[in-house]
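Below is one structure, written out as structure tokens; comments come after it.
The values are calculated or read from the model by the stated rules, or taken from the named source; none is laboratory data. Everything numeric here is computed off the predicted structure, so don't read it as measured data. Note that each Cβ is placed from the backbone with ideal geometry, even for glycine, and that neighbours are counted across all protein chains shown.
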Amino acid sequence: MIYQSLPDGYIGNLYSARMFNKTHKDMPVQLEIPKEEGTLEIIGKQPVVAKESYAVVTFLIKRKSNVIKKRKIDIHLTIRGNNQEISNKKTTFIGPLAG
């Protein structure tokens, strides 16, 4: 099973992303998704990517099961460093078979 059934009627997907920092300063990183696409929770402490290095960030995206109408849904992820938008990525959220 690729998704998790969570309490209170939520479905969750667990993600892991490698974040690279090519600058000469440590950088706190924030991950965001649009509210209509669900909620995002960082697993562990808020990530800080060390200068000229990388960090692996693990996070959970949750959606209410009653809003899932398709098995696969595109999720648009915004990555921010030092409160500035760095990148936008698209990933897929997997839910139970609809219907």
> Taking segment 61-87 as the search range and keeping residues that are of a type in the set (S, T, N, Q) and free of Cβ contacts under 8 Å to residues at least 12 places away in the same chain, which one is farthest from K22 (Cα to Cα)?
Replying inline: Q84
> Among the residues of segment 1-32, which ones are assigned to a loop (DSSP other than H, G, I, E, B), of a type outside the set (D, E, K, R) and under 15 Å from G81 (Cα atoms)?
Replying inline: T23, H24
> Looking at segment 1-50, which of its residues are among the basic types (K, R) and under 17 Å from I75 (Cβ atoms)?
Replying inline: K35
> Just checking, how many residues over segment 39-57 are farther than 20 Å from G95 by Cβ and either hydroxyl-bearing (S, T, Y) or assigned to a loop (DSSP other than H, G, I, E, B) (or both)?
Replying inline: 9
>> Looking at (1) surrounded by 12 or more Cβ atoms within 10 Å (Cβ to Cβ); (2) in contact with an Asp or Glu (Cβ under 8 Å, 6 or more places away or on another chain); (3) without any contact (Cβ under 8 Å) to a residue 24 or more places away in the chain, which one does K90 not meet, given that it meets all the others?
In response: (1)
> How many residues are of a type outside the set (A, V, I, L, M, F, W, C), surrounded by 12 or more Cβ atoms within 10 Å (Cβ to Cβ) and modelled with pLDDT of 95 or more when one looks only at segment 65-87?
Replying inline: 3
>> Give all pairs with beta carbons closer than 9 Å in which a residue from segment 5-26 that is farther than 13 Å from G38 by Cβ meets a residue that is of a type in the set (D, E) and modelled with pLDDT of 95 or more; count only pairs at least 6 apart in sequence or on separate chains.
In response: N21/E52; K22/E52; T23/E52; H24/E52
